[in-house]
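The values are calculated or read from the model by the stated rules, or taken from the named source; none is laboratory data. Quick caveat, the model's predicted, so the values are computed rather than measured. Because the Cβ atoms are built from the backbone with ideal geometry, glycine has one as well, and the counts that use them run over all protein chains shown.
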Amino acid sequence: MSPMRVAIGLSALCFTAGCYNYHRLATPSPEPGSYIAATLTDQGARDLARDLGPNVFAVRGRYLGESDAGISLSVSSVELKGGDDAAWAGETITLPPSTVRSLDVRRLAKGRTLLLASAGAGSLVLTTLVAALVVNSTAVQAGGGHTGKK
């Protein structure tokens with residue numbers, strides 16, 4: 001794959017990526033489909049160890065709804081007490097209310113996302129300029145830089 005294609009691909013990734021922060025939930029329950037992080041109580045982590053694995057600190061995923069049994073999530077990852085993340089494939093789990101210490105909702109960090117998009121645009125422009133200089137330099141070297149006598 002050419003360096004130009006790699007640069008364009010990386011720039012496109014910068015344009016489509018975004019930065020997110022988690023903020024405390026301001027409403028009684030989040031909007032269905034929103035991404036949330038549920039921080040577990042110590043006892044809740046022990047109670048859910050069979051379902052989530054040992055030493056889970058927080059569960060992240062898409063909020064599906066709430067019932068008497070608890071909060072239903074399509075889990076995308078769990079954070080362990082040591083700080084490591086373990087990816088999940090969207091399995092559904094219900095967290096009983098007594099196991100949840102706090103709920104945070106994910107929101108777009110506009111400033112960091114703008115900075116990331118600007119970096120992507122700048123790298124695309126820089127890569128295009130460098131590629132144009134390399135192509136022009138190669139053409140001059142191949143031709144010797146002067147015309148022959150007629």
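Restricting to the stretch 27-50, count the residues that are within 17 Å of R101 (Cβ to Cβ) and among the acidic types (D, E).
Counting residues in the stretch 27-50 that are within 17 Å of R101 (Cβ to Cβ) and among the acidic types (D, E) gives 2.
Scan the stretch 81-102 for residues that are touching a Leu at 6+ places or on another chain (Cβ under 7 Å) and either among the aromatic types (F, W, Y) or free of Cβ contacts under 8 Å to residues at least 40 places away in the same chain (or both) and jot them down.
Across the stretch 81-102, the qualifying residues are A86, T92.
Tell me which residues, restricted to the stretch 56-74, are surrounded by 13 or more Cβ atoms within 10 Å (Cβ to Cβ), over 15 Å from the mean Cα position of the chain (by Cα) and closer than 15 Å to P32 by Cα.
Scanning the stretch 56-74 gives Y63, L64, E66, G70, I71, S72, L73, S74.
Do any strands (runs of 3 or more DSSP E) lying entirely in the stretch 11-90 carry at least 2 residues that are at pLDDT 90 or above, and which ones are they?
Strands (runs of 3 or more DSSP E) meeting the threshold: 35-40, 56-67, 70-80, 85-87.
What number goes with the only condition from (1) outside any helix (DSSP H, G or I); (2) at pLDDT 85 or above that R106 does not pass?
Looking at each condition in turn, R106 falls short on (2).
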